[in-house]
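Data first, discussion second: the structure below is written as structure tokens.
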Amino acid sequence: MSGKKKIIKGISISSGIVMGTAHVVLPGDFKITHQKIAVSKINKETELLEKAVENTIKELQSIRESALRKAGGPVAKIFDAQLLIAGDYEFLNSVKKKIREKRFNAAYAYSTAIDEATIHLKKSTDLYMQQMTIDIEAVASKVLHNLTGGKTKSLRLPPKTIVVGKIFSPNDIITYHDLKSVGFVTAEGGADSHMSLIARSFSLPVVLAEQGWKDIKDNCRLILDGSAGE
């Protein structure tokens with residue numbers, strides 16, 4: 001940027017100062033199609049749902065074990081909660097009911113059930129409810145990824161990468177930590193969020209910049225001051 005400097009003011013979430021290159025993660029939604037399935041396909045769609053949930057639980061168990069080794073029990077408990085969400089018997093039965101009675105394809109049935117479950121949570125100003133929404137959506141993202149046959153990209157980041165995005169789940173923090181990222185700029189997530197708890201356990205600086213994160217360009221050079229929130 002021709003040597004020009006810009007200071008973006010934010011809020012300190014996790015302290016520390018690092019220098020690095022920005023990796024901007026833009027929000028992206030799953031493209032879930034609504035298909036009315038034939039009666040003969042109901043069992044197949046139900047089996048696809050069960051398999052996707054089974055694979056999600058295995059992934060979360062692996063992340064939990066990694067978190068326990070690297071960050072200890074309090075962080076691992078976050079993934080205990082996500083495992084309970086993933087295996088919620090009553091919720092999964094409600095999804096199967098949509099498949100059976102409304103003849104929704106599994107991905108659409110699961111997606112609409114998640115929307116119904118979180119609609120009131122998203123309106124809440126209670127921090128616990130907001131965190132629950134993030135955890136539910138993190139689990140849902142994995143289930144839908146498995147349902148739609150999405151392939152996991154083998155992402156590689158250069159050394160000293162600072163990840164910039166709208167929101168990060170606890171799972172994202174661990175994934176990017178494993179990729180040797182050194183800090184985060186986010187638009188959502190307070191100091192008491194699960195995301196910030198994990199970031200602090202790894203000594204990763206985090207700045208909350210609700211609008212300012214949009215001004216950060218991919219591959220630009222950053223000095224991230226997690227203590228000052230800049």
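Observations on the structure shown:
- Within the accessible area of region 73-143, the carbon and sulfur atoms contribute 56%, probe 1.4 Å, all protein chains present.
- Between 0 and 90 degrees, the angle of helix 106-123 with respect to the longest Cα principal axis of the chain falls at about 50 degrees.
- Its Cα centre serving as origin, the chain has a Cβ charge dipole (Lys and Arg +1, Asp and Glu -1) of approximately 780 debye.
- Across the chain, C-alpha contacts under 8 Å between residues 6 or more apart give a mean separation that, scaled by the residue count, equals a relative contact order of 40 percent.
- For K44, the lysines whose Cα comes closer than 24 Å to its Cα, not counting residues fewer than 8 places off in the same chain, are K31, K36, K58, K96, K97, K98, K102, K142, K151.
- Under 5 Å, built H, 5+ apart or other chain: amide partners of N105: Q35, I37
- With contributions of -39500 (n - 2.57) from each DSSP H run of at least four residues, the per-residue ellipticity at 222 nm computed over the chain stands at -15500 deg cm²/dmol.
- For the peptides 127-139, 91-103, 175-187, residues were scored by their other Cβ atoms within 10 Å and the scores averaged per peptide; the highest-first order is 175-187, 127-139, 91-103.
- Considering only T148, I173, L92, the residue lying farthest towards the positive end of the dipole of the chain is T148, judged by Cα position with unit charges set on Cβ.
- Summing Cβ point charges (Lys, Arg +1; Asp, Glu -1) relative to the Cα centre of region 107-216 gives a dipole of roughly 520 debye.
The values are calculated or read from the model by the stated rules, or taken from the named source; none is laboratory data. Model, not experiment: these values are computed from the prediction. Heads up, the Cβs are rebuilt from the backbone with ideal geometry, glycines too, and the neighbour counts pull from every protein chain shown. All accessible areas refer to the heavy atoms of the entire protein, side chains included, with ligands and DNA or RNA removed. Shrake-Rupley method; radii C 1.70, N 1.55, O 1.52, S 1.80 Å.
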